[in-house]
Amino acid sequence: MTLALALEQLLNGLQLGVMLFLMAAGLTLIFGVMGLINLAHGSLYMVGAFACAAVAAATGSFWIGLVASLIAAAAAGALVELLVIRRLYDRDHLDQVLATFALILIFSEGTRWLFGSFPLYLDIPPILGGAVMLPGGLQYPVYRLAIIAAGALVAFGLYVLISRTRLGMRIRAGESDREMIGALGVDIRTLYTVVFALGAALAGLAGAMVGALQSVQVGMGEPVLILAFVVIVIGGIGSIKGALFGALLVGVTDTMGRFLLPQLLALFVPPAQAGMIGGAAASMLIYIVMALILAVKPRGLFPAAHA
Amino acid sequence: MNKSLAAATLALSLGVSGLAMAEPLKIGMITTLSGGGAGLGIDTRDGFMLAIKNSGNKEIEVVTEDDAQKPELAVQIADKMIQSDEVDILTGIVWSNLLMAVAPSAVAQGKLYVSTNAAPAALAGEKCNPLYFNAAYQNDNLHEAMGEYANKGYKKMFIMAPNYPAGKDSLTGFKRYYKGEVAAEVYTQVGQTDYAAEIAQMRASGADGIFIFLPGGMGIAFMKQFAQSGVDIPVMGPGFSFSQDVLPAIGDAALGVKASGQWAPDFDNPASKKFLTDFQKEYNRLPSIYAVQAYDAAQLILSAAGKADVKDTDAFRAELLKADIQSPRGNFKFNTNQHPIQDIYVTEVVKDGDVLTNKTVEKIFTDHGDAYAKDCKM
């Protein structure tokens, strides 16, 4: 194992973490402000990917597709909030889980009805194609570097939005005391719709960016959703900062585990078995990390101030 | 008294009418029509129904249900089809884990099962069953063919598959024929979508070839990421990783990939040409390998139904075993374990105009059976 390989794996972990952050940020924002568990977040991720693939195929430009993914996911989010989610805030979490699970099924079958069952084609824009040589003789795909940069930009943008703007102030106020901010004359209903649309847009952005790397198909959101839930549980539910650190921790742990565990085991058992056992152990690793963190800090690394 | 008399009369009349009518052949198709694996199930259904439609046989009824790629759902559907729909034959399951949940119990209840795809080793060897037929292959076959192909010019192979039974069968099958050095044997998570960590290992491994078995969305994700990585090592895999259901989504990243298969759209025999024309006319797309397998499964059932009554299981089985069909694959017959003996080819992904498709390169195995048939005693 060379230093370059270890470094490359670290970058891979970082990139996976950034992608998870985009998903988890929206999820945790929605939970923090509205106390809502939104299982349909993965569907909004899928909407973003499909919108990007469809528009990119029609216009030939990934960038127009990317804008379309933001708009489509935000619009779908706002629509869902107005029609369904709005009725769920005062219900308990079981009702929310049931209703948003129903939304997953509706989104999945609706997408299949519109686009068919076969995966769509979405390629990365030519300007971000290929690999670059990094210092230390390391070759790394440009597109993955771009994802890391985009994630960092979104994290910074969210920080500015939440700590420096009026909307951010209202979001923070909504997190700490919902009744009070309503009583102070803030239109809480509109605020909720805006926050939900913002979270949905972030998921849509993640879907479009990742869709170009993976396959754009029905049901693509659910595996990511599970990881995003792990991230926000580790980070502290409702905390954007927690989502960032949780996502990076999960991304790096998962990547390094997949890379190092089989090699470590190969010192003791034959390579074929090491691959099999190591692979299985690596897939459990993030859940073990989650269990350990929860044992020490039951409310996650950065618990939100209230609750 | 009056009531029970009426009931008895009714029962008698129903029984009589049941005797009087010729019982049509009823087939229960359980396949994946929703979720990520739906593309495979839809090709299975469409290939199967094409053969039924072409036959013009009105006596055959097919009931189709979606298993959503969930074993527990497949079991429920199978029970319902056997008990309330009273089907004679079950077919259609794509995934080996679902098949293992359904087929053994279905044959134990005296129903025939004709597999259109899934072919786990467990049902090909000691646990083979007179009522279980496989029209596709045995799971290991296409991987074995790739191992044999890799012997020609590849000295050090990096091999990778998902960590589940078919993934293990895959790498076992590959290694059964491959004689060179294995640089690394990597098992990934089922449904994994990011392969950056594995691609980095490939780059560092010094391998001169890569064998992957990543069906469905996993293969799409891997090929796109591999193409962007700047790693320049030839990739090969079993045909279903590069079949017509995923090629359009992978795009040009798949060009030049070598794969093994029992059929490709460029096969030069009349049955293949007819199948290709009919399928394109009916569904307006190119068929995948799953469609061919299901088409042949339906042809096999039709051939037997023409000569024997399905209620006479032994006679029907004997007709099925003759495999009296014109398969688009060319040579096709059944082995002692009721799995195919067929030719296996290596194909290459090429661009035909705007459409990505597989072109035949060479024949790797002639009349190839499987490694488990010798353990099957019927």
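How well do other chains shield peptide A:268-275, expressed as the mean number of their Cβ atoms within 10 Å of each residue Cβ? Provide the component values of the computation, followed by the final result.
Numbers: counts 0, 0, 1, 5, 9, 1, 4, 11.
Partner-chain Cβ atoms within 10 Å, mean over residues of A:268-275: 4.
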Seminar exercise, completed: Scan of chain B for GluC sites (Glu not before Pro) in DSSP loops with at most 14 other beta-carbon atoms within 10 Å gives a longest site-free stretch of B:127-378
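Which shape class, rounded, prolate or oblate, goes with the protein assembly as shown when its Cα gyration tensor gives a ≥ b ≥ c as root eigenvalues, a/c under 1.5 marks rounded, and past that a/b bigger than b/c marks prolate?
Cα axes put the protein assembly as shown in the oblate bin.
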Exercise. When ranked by the protection proxy of mean other Cβ atoms within 10 Å per residue, highest first, what sequence do the peptides B:75-81, A:64-70 form?
Worked result: A:64-70, B:75-81
For this session: Have a look at B:Gly230, B:Val246, B:Ile27 and report the one farthest towards the positive end of the charge dipole of chain B, computed about the Cα centre with Cβ charges (Lys/Arg +1, Asp/Glu -1).
Result: B:Gly230
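I need the peptides A:287-297, B:169-179 ranked by packing, meaning the mean over residues of other C-beta atoms within 10 angstrom, with the highest value on top.
By packing density, highest mean first, the sequence is B:169-179, A:287-297.
Suppose every Lys and Arg Cβ carries +1 and every Asp and Glu Cβ carries -1, with no other charges. What dipole size does chain B come out with about its Cα centre, to the nearest 20 debye?
Numbers: 34 positive and 44 negative charges, 62 e Å.
Value, rounded to 20: 300 debye.
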Problem set entry | Inter-part distance where region B:142-167 and region B:202-220 are each reduced to a Cα centre, Å | 10
Seminar exercise, completed: Mean separation of Cα contacts under 8 Å (at least 6 apart) over the residue count of chain A, i.e. the relative contact order in percent, is 34
For this session: Using only atoms on other chains, find how many Cβ atoms lie within 10 Å of each Cβ of peptide A:135-141 and report the average.
Result: 3
Problem set entry | Charge dipole magnitude, Cβ of K and R +1, D and E -1 - region A:9-218, Cα centre, debye nearest 20 | 280
Problem set entry | Rough spin-label spacing in nm, given labels placed 7 Å along Cα→Cβ, for B:Glu362 and A:Tyr89 | 6.9
Exercise. Relative to a virtual label point 7 Å from the Cα of A:Tyr159 in the Cα→beta-carbon direction, which members of region A:237-258 show backbone nitrogen distances below 14 Å?
Worked result: A:240-245
For this session: Express the relative contact order of chain B as a whole percentage, based on alpha carbon pairs under 8 Å and six or more residues apart in sequence.
Result: 18
Exercise. Do any trypsin sites (Lys or Arg not before Pro) in region B:286-326 lie in a DSSP loop with no more than 10 other beta carbon atoms within 10 Å, and if so, which?
Worked result: B:Lys311
Exercise. Peptide A:120-128: average number of partner chain Cβ atoms within 10 Å per residue?
Worked result: 3
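Output the relative contact order of region B:280-378, whole-number percent, from Cα pairs under 8 angstrom with separation of 6+ residues. Mind dumping the intermediate values first?
Details: 111 pairs, mean separation 17.6, N = 99.
Once normalised by length, the contact order is 18 percent.
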Exercise. Can you list, bin by bin at 10 Å, the percent of alpha carbon pairs in chain B, starting at 0?
Worked result: 5, 24, 33, 23, 9, 4, 2, 1, 0
Problem set entry | Top positive-direction residue, dipole computed over region A:9-218 with Cβ charges, set A:Val80, A:Ala200, A:Leu14 | A:Leu14
Exercise. Dividing the Cα radius of gyration by the Kirkwood radius, what Rg/Rh value follows for region B:233-287?
Worked result: 1.01
Exercise. Which shape class applies to region A:9-218: rounded if a/c is under 1.5, otherwise prolate when a/b exceeds b/c and oblate if not, where a ≥ b ≥ c are the square roots of the Cα gyration tensor eigenvalues?
Worked result: oblate
For this session: Specify the residue with the greatest mean-square fluctuation among A:Ala146, A:Ala78, A:Ala197, computed from a Gaussian network of chain A linking alpha-carbon atoms under 10 Å apart.
Result: A:Ala146
Seminar exercise, completed: Computed from the beta carbon distance with a Förster radius of 22 Å, FRET efficiency for B:Glu72 and B:Lys127 to the nearest 0.05 stands at 0.55
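Rule-based calculations on the coordinates, nothing more; no lab input. Keep in mind the model is a prediction, meaning the values are calculated, not measured. Positions of Cβ are generated from backbone atoms using ideal geometry, with glycine treated the same way; all protein chains shown enter the neighbour counts.
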